[in-house]
Amino acid sequence: MKRILINLSAIVAVALSVVGCGAFDTLSSADTATGMPYELILVCDQPQWQSELGDTLQVILKQPVKELVQYEPMFDVLRILPNNFKSLTRQHRNIVVVQVDPTIAEPSIAVSYDYTAKPQVYVNIQGPDTRTVTQYVSDHRENLLYVLEKAERDRTINYAERYYSKTMYQLLKDRFGVDMYIPDNFKIRTESDDMVWISQEFPTASQGFFVYKYPYEGRQSLSAEALVKARNRFASRIPGPTDGSYMITVDKITDESGEGYVPFKPQYRPLMIGDRQWIEMAGLWDVENYFMGGPFVSYTTVNEETKEVITIDCYIYSPRDKKRNMLRELQQFVYLMEFPADAAASPADAAAPVAE
């Protein structure tokens, strides 16, 4: 059984406590993990579940996905009692176990990977009393979410690297000078010297992204206004269902009365992924001359080797079904985009300019 315990004090500032292995001697990490993406088994006794601890865990794990207009939780929480935590439930992909016992000296959180199945993340939260554990969980909420979200992201990355399309890999390398692994269930829709559009189409939904580039002209190229302008220029090449229709970026939404409009701007934030600076922009897209739209999230950086701005823009169209899992899968593709020059450069050299 593969068992890796990670001390979160070292990686995300959460203390480690060891989970005993004897309770799992009927299972092996060779078993395949069950469950859907962003689904989570929460093992918690009734007194704790009905206390401030249960409320705090729900607030953290079921908070809304910020990129979506309609509410969808960050995780689908399936809470069970400890007596029911057996057999197949122990093979779930995401498990959080809560243990409150006065014999435990201090609160802590332990993380184990591929503990009773594979791939799996297993989190054990424990402490001497409900109040102490509640405060500890609240203080480390961002770290807890980081561990759970990273586990899902790693699964997407591992799948893409195993089942990638060699054709798309070569095309993206030739056009943008990047190494990027895209699963072969996605297909190329259009391509040009400065843009590639790739998507996966369903009967009632569409999951796609487009990668594009243009000259970098200084920090003003990374302002919110400049990124929206560039997005609209390239998105107009993605045709809608009827003649003369094409994708645009939503810049106004209906007000509370439903009779007027108010300005709407995408969320904008710089972030680091590895040693590279990116700009994340999350908003809504629409189709000019047609009633159709959905959420988008884009990631923009600067290729210092070519002095070009490069963007991967991810969008979802799913009017009938939930959007979280489809959007999250696309967002994680940015972690699959590697610039070969970064490997030879120092972190300072590799980072793109920070937007003002």
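For this structure, a couple of remarks:
- From the options E329, E304, residue that is open to solvent by 40 Å² or more (accessible area, probe 1.4 Å) and at pLDDT below 95: E304
- Any hit, region 73-88, residues being under 23 Å from the mean Cα position of the chain (by Cα), in a loop (DSSP other than H, G, I, E, B), aromatic (F, W, Y) and surrounded by fewer than 18 Cβ atoms within 10 Å (Cβ to Cβ): no
- Matching residues, region 178-192, being open to solvent by 30 Å² or more (accessible area, probe 1.4 Å) and either in contact with a helix residue (DSSP H, G or I) (Cβ under 7 Å, 6 or more places away or on another chain) or part of a strand (DSSP E or B) (or both): Y181, K187, I188, R189, T190, E191
- Applying the criterion of at least 2 residues that are open to solvent by less than 20 Å² (accessible area, probe 1.4 Å) and under 30 Å from L336 (Cα atoms) to the strands (runs of 3 or more DSSP E) found wholly in region 241-297 leaves 246-249, 276-288.
- Where a residue in region 144-167 is within 23 Å of L57 (Cα to Cα) and its partner, wherever it lies, is open to solvent by 30 Å² or more (accessible area, probe 1.4 Å) and not hydrophobic (A, V, I, L, M, F, W, C), with Cβ under 6 Å and at least six apart: E152/P37
- Among the numbered conditions (1) farther than 24 Å from V65 by Cβ; (2) of a type in the set (V, I, T); (3) touching an Asp or Glu at 6+ places or on another chain (Cβ under 7 Å), the only one that T306 does not meet is (3).
- Within region 111-128, the set of residues being outside any strand (DSSP E or B), within 23 Å of the chain's Cα centre (by Cα) and surrounded by fewer than 22 Cβ atoms within 10 Å (Cβ to Cβ) comprises D114, P119.
- Hits in region 312-332 - residues which are within 9 Å of the chain's Cα centre (by Cα) and either outside any helix (DSSP H, G or I) or under 17 Å from E161 (Cβ atoms) (or both): E329, L330, Q331, Q332
The values are calculated or read from the model by the stated rules, or taken from the named source; none is laboratory data. Everything numeric in this text was worked out from a predicted model, so none of it was measured. Neighbour counts run over all protein chains shown; Cβ positions are idealised from the backbone, glycine included. Accessible surface is based on the protein model in full, side chains and every heavy atom, while ligands, DNA and RNA are left aside. Shrake-Rupley method; radii C 1.70, N 1.55, O 1.52, S 1.80 Å.
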